[in-house]
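Please treat every number below as a calculation from the coordinates, not as lab data. The structure displayed is predicted, hence computed values, not measured ones. All Cβ positions, even for glycine, are placed from backbone atoms using ideal geometry, and neighbour counts span all protein chains on display.
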Amino acid sequence: MEERTTRLLIRSKLADGRLPHDSIPRVWGGPGNGETCDGCEEIVVKAQMIIEGVGESGWGVQFHVRCFHLWDSERRVPGHESSDTA
């Protein structure tokens, strides 16, 4: 999936509550094992790395490395915390 498309999907998930806005104080990673990325919804295969963590609210997430960085960037943008984006 293209970065722009992934970024827009992550923005949409932040806006409607499908992804958390809080930080993840501790993450861990390793090779994928067929998990579904919470960012792009694509499978994380064994040749790819997955980043997993539990947010401050107790919400667990798993991302491709690239999707994690996009989520972390987008969650910090003012105005992306509500569903009233146009």
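Points to keep in mind about this one:
- Residue-count net charge about VAL61 - beta-carbon cut-off 9 Å; Lys, Arg +1, Asp, Glu -1: -2
- Using θ = phi - 60° in the Karplus curve 6.51 cos²θ - 1.76 cosθ + 1.60, the 3J(HN,Hα) couplings for the stretch 25-36 round to x, 9, 10, 9, x, x, x, x, 8, x, 5, 9 Hz; x is entered for Gly and Pro.
- Overall Cα dimensions of the stretch 3-75, principal axis frame, Å, largest first: 30, 27, 16
- Its DSSP H runs of at least 4 residues, each contributing -39,500 (n - 2.57), put the calculated 222 nm mean residue ellipticity of the chain at -9000 deg cm²/dmol, to the nearest 500.
- Placed amide H near MET49: partners under 5 Å, 5+ positions off or other chain: GLY32, VAL65
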